[in-house]
1. All other residues with a Cβ under 13 Å from the Cβ of Leu25 taken together, and with Lys, Arg as +1 and Asp, Glu as -1, what is their net charge?
2. When the convex hull of the Cα atoms of region 1-49 is projected onto a plane and the area is averaged over all directions, what value comes out in nm²?
3. To check you understand DSSP bridge types, tell me what percent of the beta bridges within the chain (both residues inside) are antiparallel, rounded to 5.
4. Using the heavy atoms of the protein chains alone and a 1.4 angstrom probe, what is the accessible area of the chain per residue in square angstrom?
5. Helix-only estimate, please: 222 nm mean residue ellipticity of the chain, summing -39500 (n - 2.57) across DSSP H runs of length 4 or more and dividing by its residues, to the nearest 500.
6. At R0 = 25 Å, how high is the FRET efficiency between Arg135 and Ala162 if r is their beta carbon distance? Nearest 0.05 is fine.
7. Report relative contact order for region 24-124 in percent, whole number only (criteria: Cα-Cα under 8 Å, sequence separation at least 6).
8. Using the basic label-point model (7 angstrom from Cα toward the beta carbon), what is the Arg20 to Arg97 distance in nanometres?
Amino acid sequence: MDMKLEVVVIPVSDVDRARRFYGGLGWRLDADFAAGDAFRVVQFTPPGSQASIHFGKGVTSAAPGSAQNLYLVVSNIEAARAELLGRGVDVSELLHRTREGFVGGPDPERRTYNSFASFSDPDGNKWLLQEITARLPGRVDASVTTFTSSTDLAAALRRAAAAHGEHEERTGQQHSPDWPDWYAEYMVREHAGKPLPT
């Protein structure tokens, strides 16, 4: 039986302020329902996400700001940070993970899962941006390749184009007519965490 994560509840102290903040991120407003003065639920969905957030009045007893380290996966950490800064969000500097801990800047080799930034909403609920360009083996259904946004698809096409350019350089074959097949194979294997074509 499929069990799909649908909604994460975010505890906030001021529903209207939170609605302005998450709307200002460019997230899609899905719902704003109230039942009298004791209950109100607001739902937003981040771009490209299949899961949403809820906040409101009477939806959780958790302390406002107690949601910490909620992950938002992005295909380009620098572009995601720049977009949030452009929207007036106070975003941390980029960090990357090493064996000794976190160090400033994105991962020098741009390895998947290693680059981060963070920001908080007005109540202090903390979000982590994590750059993922290829999933580890077994993390996705290898029989299904989906892209949840045109941005993710475009990023995958750019990575495939760069890899195909290296392939053409190695083989000495320029402008191969089978490039769409090669791109497709590369993108499907990358998405499934399988060895990439060379």
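The values are calculated or read from the model by the stated rules, or taken from the named source; none is laboratory data. These figures come from a predicted structure and were not determined experimentally. Counting neighbours? That spans all protein chains shown, and the Cβs are built from the backbone with ideal geometry, glycine included. In case anyone asks, the SASA skips ligands and DNA or RNA and just uses the protein heavy atoms, side chains included. Shrake-Rupley method; radii C 1.70, N 1.55, O 1.52, S 1.80 Å.
1. Working: positive: Arg19, Arg20, Arg28, Arg81, Arg87; negative: Glu83, Asp90, Asp121.
It works out to a net charge of +2.
2. The orientation-averaged projected area of the Cα hull of region 1-49 comes to 4.5 nm².
3. Beta bridges within the chain, antiparallel portion: roughly 75 percent.
4. 59
5. Values: 4 runs with 56 residues, N = 198.
Theoretical 222 nm ellipticity from helices: -9000 deg cm²/dmol.
6. FRET efficiency, Arg135 to Ala162: 0.85.
7. Relative contact order for region 24-124 comes out at 19 percent.
8. According to this spin-label approximation, the distance is 3.6 nm.
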